[in-house]
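**Student:** Right, I'll just put the structure down here and ask away after.
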Amino acid sequence: QVHLVESGGDLVQPGGSLRLSCAASGAFFRLYTMAWYRQAPGTQRELVARITSGGSTIYADSVKGRFIISRTNAKNTVYLQMNSLKPDDTAVYYCNAAYVSGDYWGQGTQVTVSS
């Protein structure tokens with residue numbers, strides 16, 4: 001079992017920045033593929049960014065050039081640096097860990113972009 005705890009969500013003005021963090025349990029964090037998803041009201045959950053154990057990354061087209069996913073294996077933590085935020089980025093952001101033992105989710109953290 002892998003437990004994930006997100007933090008960093010907040011209310012921010014358009015054009016602002018936030019950094020989300022996700023702390024994971026487990027001795028094999030370095031082997032997990034980690035990802036951030038988001039879900040806005042009335043929409044399906046969508047992939048925002050993913051980082052593999054080897055550090056390869058992919059991004060949704062809507063966030064390319066604005067968001068950066070990174071990980072610090074020594075701290076069992078994955079981050080999502082979000083810049084130039086737009087109202088369309090408003091959603092609950094979820095951390096996901098994928099490993100041979102299964103697929104795991106955090107409880108989510110709310111990001112609201114509004115003036």
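The values are calculated or read from the model by the stated rules, or taken from the named source; none is laboratory data. In this text the structure is predicted, and so the values were computed from the model without any measurement. Counting neighbours? That spans all protein chains shown, and the Cβs are built from the backbone with ideal geometry, glycine included. Remember, those area values only see protein heavy atoms, side chains included, never the ligands or the DNA or RNA. Shrake-Rupley method; radii C 1.70, N 1.55, O 1.52, S 1.80 Å.
**Student:** Give me, ordered by chain and number, the residues 5 or more places off G108 or on other chains with an amide H under 5 Å from its own placed amide H.
**Tutor:** Those qualifying (amide H under 5 Å, at least 5 residues apart or on another chain) are E6, C95.
**Student:** Just check the stretch 40-107 against the gyration tensor rule for me: Cα atoms, a ≥ b ≥ c as the square roots of the eigenvalues, rounded for a/c under 1.5, and otherwise prolate or oblate depending on whether a/b exceeds b/c.
**Tutor:** Numbers: a/c = 1.96, a/b = 1.34, b/c = 1.46.
The shape class here is oblate.
**Student:** Under 13 Å from the Cβ of S70, count the other residues' Cβ atoms, weight Lys and Arg +1, Asp and Glu -1, and hand me the total. If you can, show how the numbers build up before the last one.
**Tutor:** Details: positive: R19, R50, R71, K75; negative: none.
Result for the local shell: +4.
**Student:** Still on this structure: Let me test this: with uniform point scatterers at the alpha carbons of the stretch 1-51, what is the Debye-based log₁₀ I(q)/I(0) at q = 0.15, 0.18, 0.26, 0.28 1/Å?
**Tutor:** Ignoring solvent entirely, the Cα scatterers give -0.56, -0.77, -1.20, -1.24.
**Student:** So, one more: Just to compare against my own numbers: the Cα pair-distance distribution for the chain, 5 Å bins, whole % per bin, please.
**Tutor:** 2, 13, 25, 26, 19, 10, 5, 1, 0
**Student:** How high is the relative contact order of the chain, in percent, counting Cα pairs under 8 Å that sit 6 or more residues apart?
**Tutor:** Numbers: 277 pairs, mean separation 42.4, N = 115.
Computed value for the chain: 37 percent relative contact order.
**Student:** Averaged per residue, what accessible surface does the chain expose to a 1.4 Å probe, in Å²? Walk me through the numbers before you get to the answer.
**Tutor:** Working: 5940 Å² over 115 residues.
Accessible area per residue, the chain: 52 Å².
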